[in-house]
1. Any chance you could look up the accessible area of B:LYS91 with a 1.4 Å probe, heavy atoms only, rounded to 10 Å²?
2. Placing the label point 7 Å from Cα along the Cα-to-Cβ direction, what are the distances from B:GLU98 to the equivalent spots in the other copies, shortest first, in nm to one decimal?
3. Probe radius 1.4 Å, ligands and nucleic acids left out: which of B:ASP104, B:ASP80 has the largest accessible area, and how do the rest follow?
4. Roughly how many whole Å is it from the C-alpha centroid of the range B:1-22 to that of the range B:87-111?
5. What nm distances, shortest first, do you get from the label point of A:GLU21 to those in the other copies when the point sits 7 angstrom along Cα to Cβ?
6. Scan chain B for the residue whose Cβ is closest to the axis carrying it onto chain A, then write down that distance in whole angstrom.
7. Ranked from the most accessible area to the least, with a 1.4 Å probe and all protein chains present, what is the order of B:SER109, A:SER88?
8. Find every distance from the label point of B:LEU63 to the corresponding label point in the other copies (7 Å from Cα along Cα→Cβ) and write them in nm, one decimal, shortest first.
Number of protein chains: 2
Amino acid sequence: MRIGELAERTGVSVRALRYYEEQGLLAAQRSESGQRHYEEHAVGRVRLIQQLYAAGISSASILEMLPCVVTGVGAPHVIDKLRGHRSSVVKQIEELQETLLQLDNVIVSATAAYETGRPCPPS
Amino acid sequence: MRIGELAERTGVSVRALRYYEEQGLLAAQRSESGQRHYEEHAVGRVRLIQQLYAAGISSASILEMLPCVVTGVGAPHVIDKLRGHRSSVVKQIEELQETLLQLDNVIVSATAAYETGRPCPPS
DNA sequence: GCTACCTCTGACGTTAGTGTCAGGTTTCTA
DNA sequence: TAGAAACCTGACACTAACGTCAGAGGTAGC
């Protein structure tokens, strides 16, 4: 498929896909005229990249661990890095859960305050 | 307390604290000479701001919802925004949990591959 | 073969949250 | 009271992941 279709199927912009290629994260075949052509599995790859980005992992780190993620084989130092990212993700989840509690707290009391007309500061 | 102490106690840089003030997120008393002085509760406020930033909420949004977070009173449209942020946080948590599973998967198979010498692609 | 749409490269712009530096004032400690 | 350390404003720098634009060429339906 061409870049536009990949963009549409993954929900990622064409610009972002070219950027991934620039960073070495996503390869493409080229037609004679220079247009990019992607295999089916590029869809999964793009989703994986997006997930890792969302986890706050930089493109340089993703680049380093991608072969390992794809092939399942990795040198010890790469595995160490993966473990490091793992614990950072765990930490992020914990922090977000705490934020969620705070937001809930605020939403409940603000809603109550509005409904009753009586301000009621969150605990 | 002065800005240096607040920075140390919150783990946030002096520069960042001044930036929060610039954005209207964090007020300070000023001494005659112009130095900032913070109350004790500024510590909690800074941590809250950091949490919201970590949840991907922009300073403009934080500014809008901060009075509500602090006082527990909010207009309906602010409460709506809070609910919007809440669901975005929930989504982030879910995505991070999925990422965690993927990382675990990779770590396990890469470790096994290294230990046995037999590459074993992740499922 | 015309038209509309897609794609190419290259380059500069954007946003957010700082880092850093300069040049000057204030506060603390010995 | 001197010197060190902390603080002030203002300004420019930086990073990351793109957005956007220009100008040119490629592709597909009729």
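The values are calculated or read from the model by the stated rules, or taken from the named source; none is laboratory data. Values in this document were obtained by computation on a predicted structure and should not be read as measured data. When we count neighbours, we look across all protein chains shown, and the Cβ atoms used for this are built from the backbone with ideal geometry, even at glycine. We work out accessible area using only protein heavy atoms, side chains counted, and drop any ligands, DNA or RNA first. Shrake-Rupley method; radii C 1.70, N 1.55, O 1.52, S 1.80 Å.
1. Estimated to the nearest 10 Å², B:LYS91 gives 120 Å².
2. Distances between equivalent label points, in nm: 2.6.
3. Details: B:ASP104 45, B:ASP80 95 Å².
Ranked from most to least accessible, the order is B:ASP80, B:ASP104.
4. Rounded to whole Å, the Cα centres lie 33 Å apart.
5. For A:GLU21, the inter-copy label distances come out at 4.9 nm.
6. Nearest residue, distance rounded to whole Å: B:ILE93, 3.
7. Numbers: B:SER109 10, A:SER88 50 Å².
My answer, sorted largest first, is A:SER88, B:SER109.
8. Reported distances to equivalent positions: 3.6 nm.
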